[in-house]
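The values are calculated or read from the model by the stated rules, or taken from the named source; none is laboratory data. If you're wondering where the values come from, they're calculated on a predicted model, not measured in any experiment. Because the Cβ atoms are built from the backbone with ideal geometry, glycine has one as well, and the counts that use them run over all protein chains shown. All accessible areas refer to the heavy atoms of the entire protein, side chains included, with ligands and DNA or RNA removed. Shrake-Rupley method; radii C 1.70, N 1.55, O 1.52, S 1.80 Å.
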Amino acid sequence: MPIKNYSESDYRQVLKVYAACKLDELKQEPQTFFLCPLQNDPVRHHYIFTSKIYTWQENGAIVAFGALKNNEIRSLYVLQDYRGLGIGRRLLEHMLKRCKEPAELFVAQSNNKAKQLYQEYGFDVVESFETEYNGLKVTAQRMQTRAVK
């Protein structure tokens, strides 16, 4: 299985995947965002690197990663050339198996493609709120799975 636990030697590759993918989640927003590299964003850096990180590798290179802390999926990024191959789904499933119920995540309100994937796995929008990325406002949503009864 190509899913591996993160190790410190993966740091630079995770930064590269983040840099290549971060703005994709905001591309449907009306304003233009500029990347703040993860190593220069102390809040998001802490958010990801205090999580359990899982990587997907192809030919020895990380092409996707996800981060999980308790029941919160904190990130899921797949390089553009590897999207549509089921990698994001497999990483999501891997993390969901390790989540407590209910699982939750945060997503840009305008990121309909990601929200559609999450809805297929039982996530519903439970809250919308204003936040910011690199100084610009963005509406985000908290999504949560329905608790198993």
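Values for this structure:
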{"item": "Positions within segment 104-149 being assigned to a strand (DSSP E or B), touching a residue at least 60 places away in the same chain (Cβ under 8 Å) and open to solvent by less than 30 Å² (accessible area, probe 1.4 Å), in sequence order", "result": "V107, A108, Y133, V138"}
{"item": "Neighbours by Cβ (under 7 Å, 6+ apart or cross-chain): first from segment 2-13, on the phi < 0 side of the Ramachandran plot and hydrophobic (A, V, I, L, M, F, W, C); second assigned to a helix (DSSP H, G or I) and at pLDDT 95 or above", "result": "I3/R90; I3/L91; I3/H94"}
{"item": "Where Q13 falls short, out of the listed (1) of a type outside the set (A, V, I, L, M, F, W, C); (2) part of a helix (DSSP H, G or I); (3) buried (at least 16 other Cβ atoms within 10 Å of the Cβ); (4) touching a His at 6+ places or on another chain (Cβ under 7 Å)", "result": "(4)"}
{"item": "Failed item, numbered, when S128 is tested on (1) of a type outside the set (K, R); (2) modelled with pLDDT of 95 or more; (3) under 16 Å from the mean Cα position of the chain (by Cα)", "result": "(3)"}
{"item": "Scope segment 29-44; condition touching a helix residue (DSSP H, G or I) at 6+ places or on another chain (Cβ under 7 Å) and either open to solvent by 50 Å² or more (accessible area, probe 1.4 Å) or assigned to a helix (DSSP H, G or I) (or both); matching residues", "result": "L35, L38, Q39, R44"}
{"item": "Among the residues listed as R98, R74, R89, the single one being within 21 Å of M143 (Cα to Cα), in contact (Cβ under 8 Å) with a residue 12 or more places away in the chain and out of contact with any strand residue (DSSP E or B) (no Cβ under 9 Å at 6 or more places or on another chain)", "result": "R89"}
